Structure formats: C-alpha cells, structure tokens
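Here is the structure we will look at, set down as structure tokens.
Values in this text are rule-based calculations from the coordinates and carry no lab data. Given the structure is predicted, the values throughout are model-derived calculations rather than measurements. Virtual Cβ from ideal backbone geometry, glycine too; neighbours counted across all protein chains shown.
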Amino acid sequence: MKKMLLGFLCLLFFSEFLSAQNSEEGAVVFMYHRFDENKYPSTNIRMEQFEKHLEYLSQNNYNVWSLSKIVRHIVEGREIPKKVVALTIDDAYKSTYTHAFARFKEYKFPFTVFVNSTSTDSGSKNYMSWDEMREMQAFGAEFANHSKTHDYMLPKEGEDEQSWKKRIRDEIEGAQKRLQEELGDTTNENPKLFSYPFGEYTKESAEYIQSLGYIGITQTSGAIGMQSDTRTLPRFAMSEAYADMDGFTLKLKTLPLPIESVSSIEPLVKEDNPPKLTIKLKHPVKNVWCYLSSGKAITVEWVSDREFSVQAEEALKAPRDRYTCTAASKESRWYWYSHLWIVK
C-alpha cells in the first residue's frame, strides 16, 4: 500500500511538473510590412530573407497557425503546444499580394493581414484591392482591423476624454464595417483583433479598445502565452536589418517570461523620465538581463527572488524606447519580455 501511495504521489508530482512546464509554452508571432520594396528598409524584408524564414519553419516542423487560432487558445484557456508560430502583415501593402502571397500558397501557411481600410478604399496602387484580398482569403489568409486611417490611438493634445474615445471608436468600427462589407460578415469576429497603428497606445486607450471587444496587438517584441495580457499582445518585427537567420531562429525559440504582474502597462512617459518598471515573476528565474533598444544594459535590482525593478540611468529620448528583459531557459531557448515607452 505504501509503495502504491508513493508511486501515486510521484506520478502526481510529475504530472504537475509537466503541466507547469507546458503552461510556460507560448507562441511566437512575427510581423512583416513590405516585401522586396528596397526603398523602405525599415519596414521591408528582402524576399531571399523571407523565403529562408518559410523554408526553416517547414523543414523544422513548426505549426504555423493563424493569429486568431492562437488568441482563441489563450482566451479559452487551452494550452498552446510546442513550436507554434503565426505570420502577420500590417498595412496590406501591394507587395503582400505580388510577392509574398505565392510563397504562402507554396508552403500552405495561413497568415493574418491587418488592414487600414481607407488606404484600400482609395484605390492606391500601393495597397491591395478588396478583390485581391478575397482571392487570398480563399487560400487561408485572414484579415483583421488596423483602423480606418492608420491614426494614432493616443489621446491627442486638446482632446477631452469624450473626443478621443469617439475618434478611436469611429476609426475601429469604421474599419470593421468595411472589412465585413467586403470580406464577409464573420471577418475578424472570432476573436476581434486590432493592431495598434505605429504600435502605440496608452493604458487608457488599450482599456477602451478592450471594452469595445478587441484584442490589442502591438509591435513590442516577445513571445505570447496563457498569461499574456490580451490588451497588448507582442510580436517580433521583421525588417531587413533584423531578419537574418540567426536573429529569426533566436526569436522563434523564445518563451514568454513567466510574469505574475507588472507595475503598469502604461507606455507613455510623462514626468518621471527615466521610468521605473517593476516585474513580479510566477517563480524564480536566474540570470535576468535587461536592455534598452540601443542594446545598452540596464541594472536589474532584485526586490526578492521573484521580483525585480529596472530603470535606465539616463532619460529616454523621443519618440520611443523599450526595456527588454531576457533570461536563458532550457534547450537553448530564452525567456523574453519587452515593455514599450513612448516619450513625448
């Protein structure tokens, strides 16, 4: 009887250990903008780079999911298996159709395009048409909300609360209306995804957009997991300077830092510059290192074995910066968390 009880307890411990390990699994989401548009290196990726990304995912048996599928797992509390990745594209530039689409079809990979509807409605040759989107939709593409006019989601100078909320609501609901008129009533409904133009938001605007029923998608780097904040889900931006295979595979293997809480999701730096960020972990993590966007290290001050604070030595410069914290995990993987700062 004692042996059976001991065996049961060992099995229970092992099951709980595996469950804890699996709960730390996450998905990695990549963000692209332009393909082979060399005039725009900050938002462009060369096709030879992009093809290597897709080839690596295929040859190494990654599960390429639509972003909506990943978010449904998070919202419904269903664990995300290993090696899940999503490929997303912002702005619906024409090169998504003329260059990237054929590669997606070749590999049979789903993908998510965030559309600012006024640009498409304008008939500009720089953006995809609704007909082209419908063609892509038939091959597994999904389309989501990036606002009507790609306006900032930050309250503007001189706007009272009623004014900025009306502007943001009109931007989002106007784009959603056009998506559904052109691509079908169920477009971007399960769930409703919204990518912040310029990747910028405030705590107030993120909470308001959540109240409208949307999941907020940022351009702030990091993996997403079961405990990720659905107001501000991160993605890794891919452009010419950051899309080499070493960087791609490093980010592909990241895990969400096991965070219990952060002092605030507010990115807007108002008076206290440099800002201080405090992070409480769900369990101790060794050798956490934090950096500015420039790569300069920031001192990590431990409050306890599960809580630390970081604060840059000098004031952050406009328009934006980040605190990025990483730590080595098992199997040559890295925990990764990044916090956006907007400096006005």
Which pairs turn up if I take residues in region 56-72 that are in contact (Cβ under 8 Å) with a residue 40 or more places away in the chain and look for partners that are surrounded by fewer than 17 Cβ atoms within 10 Å (Cβ to Cβ) and of a type in the set (Val, Ile, Thr) with beta carbon separation below 7 Å, at least 6 apart in sequence or on another chain? Tyr56/Thr249
Tell me which of these Glu171 doesn't satisfy, since it passes every other one: (1) part of a helix (DSSP H, G or I); (2) surrounded by fewer than 18 Cβ atoms within 10 Å (Cβ to Cβ). (2)
Which residue is farthest from the chain's Cα centre (by Cα), if the candidates are limited to region 76-98 and must be within 20 Å of Ser221 (Cα to Cα) and among the hydrophobic types (A, V, I, L, M, F, W, C)? Ile80
Every residue from region 88-121 that is in a loop (DSSP other than H, G, I, E, B) and of a type in the set (Phe, Trp, Tyr): Phe109
Checked against (1) under 23 Å from the mean Cα position of the chain (by Cα); (2) over 25 Å from Phe236 (Cβ atoms), Lys165 satisfies every condition except (1)
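The rows are residues; the columns are (1) among the acidic types (Asp, Glu); (2) over 18 Å from Thr96 (Cα atoms); (3) not in a helix (DSSP H, G or I).
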| residue | (1), (2), (3) |
| --- | --- |
| Glu135 | yes, no, no |
| Gly158 | no, yes, yes |
| Trp164 | no, yes, no |
| Arg178 | no, yes, no |
Of all residues in region 286-299, count the ones that are surrounded by fewer than 19 Cβ atoms within 10 Å (Cβ to Cβ), of a type outside the set (Gly, Ala, Ser) and over 12 Å from Glu313 (Cβ atoms). 4
Taking the conditions exactly as written (basic (Lys, Arg) and more than 20 Å from the chain's Cα centre (by Cα)), does Lys177 satisfy them or not? yes
The number of residues in region 48-71 that are surrounded by 18 or more Cβ atoms within 10 Å (Cβ to Cβ) and among the small types (Gly, Ala, Ser) is 2
